[in-house]
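Single-structure report; data block below.
The values are calculated or read from the model by the stated rules, or taken from the named source; none is laboratory data. In this text, all values refer to a predicted model and were calculated from it rather than measured experimentally. FYI the Cβ positions are ideal-geometry reconstructions off the backbone, even for glycines, and counts take in every protein chain you see. These area figures cover heavy atoms from the full protein model, side chains too; ligands, DNA and RNA do not enter into them. Shrake-Rupley method; radii C 1.70, N 1.55, O 1.52, S 1.80 Å.
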Amino acid sequence: MLERISGSLLDPDALYASNIELFHSPELRGLNLVMGFTGFADAGHVVKQINAELLDSLDAEPVAVFDADQLIDYRSRRPHLTFVEDHLQDYQEPRLALYRLMDGLGKPFLLLAGFEPDLQWERFARAVVGIVEKLDVNLVTWIHSIPMPVPHTRPVGVTVHGNRPDLIEGISVWKPTVEVPAAVGHILELRLVEAGRNVAGYVIHVPHYLAEAEYPTAAVAGLEYLGAATSLMLPSDRLREAGREVGRQIAEQIDASEDVQQVVSRLEARYDEKAEGTVRRSLLADENDELPNADDLGAAVEAYLARENPGQ
């Protein structure tokens, strides 16, 4: 009789091709890993914006690339290209890859970013867990976003889950017990916990009336939570500026509609009622809930400025 197994019998390592020299470099051992998958409940396009900001702003080197043909259903999620008069160009090839990046202070970390697989979730999970174990990843963090009945005029909320109480307690603003559709990130978190690896997932709360549009403010919040959990300085300046512009546009639309003003006012009243008496831990606090002193903050700022202006 065959022993009961969980997941695919196929070799998970055959799902990806690795940069052999980099993959086996000691420099990749013990780093933190950030994960973001597009295609599932990406309210406000938070994951899409975060992935783009990290890959566009930081030095990124591919460590491993997953085989899209084995993981994506092209008929349900067709890639785009451009037809220009009499020829085709700019084919947007689906990509899911693991990168080595350097943060604003030159600290290396790993990023697994791209489309959420449509197929072979368990095999994909085994592949990722295998990579995490081979590279002895210190902490795995992942992020996604959902629409919530909250106003845009209040701080962006988050729900944190995983097996790191020091990253969860005092942070989550919504702690429900609810059955939800699974995402591949959820499966990865379950399998990573089973493998005894450190993992924390962040669910960013996006106002439901902004869920279909790009909402940079929520992406900035996501970067702040990821950066605080992994002790990384992640770029957010461009998203902050974009968020200010989007905020001006939202304000203009609300001012033009009394009905919308009433909806937002009701959401504000409900938010304030539930938030009353709730104390949220600062993102600057460490695992002992202590804030860094002025010397610590000053040293971090000086190191960042030295990296941004090496000749000055």
From (1) at pLDDT below 55; (2) open to solvent by less than 80 Å² (accessible area, probe 1.4 Å), pick out the condition that doesn't hold for Ile250. (1)
Out of curiosity, is Glu122 modelled with pLDDT of 95 or more, open to solvent by 40 Å² or more (accessible area, probe 1.4 Å) and closer than 14 Å to Leu188 by Cα? yes
Checking Met35 against (1) open to solvent by 10 Å² or more (accessible area, probe 1.4 Å); (2) at pLDDT 95 or above, only one condition comes out false. Which one? (1)
For Pro216, work out the one condition from (1) out of contact with any helix residue (DSSP H, G or I) (no Cβ under 9 Å at 6 or more places or on another chain); (2) buried (at least 23 other Cβ atoms within 10 Å of the Cβ) it doesn't fulfil. (1)
Do any strands (runs of 3 or more DSSP E) lying entirely in the range 132-251 carry at least 3 residues that are farther than 23 Å from Leu267 by Cα and in contact with a strand residue (DSSP E or B) (Cβ under 9 Å, 6 or more places away or on another chain), and which ones are they? 140-148, 199-207
Any residue in the range 168-195 that's at positive phi: show its pairings with residues that are at pLDDT below 95 and open to solvent by less than 90 Å² (accessible area, probe 1.4 Å) at Cβ separation under 9 Å, as long as the two are six or more apart or on different chains. Gly170/Arg280; Gly170/Arg281; Gly170/Ser282; Gly170/Ala285
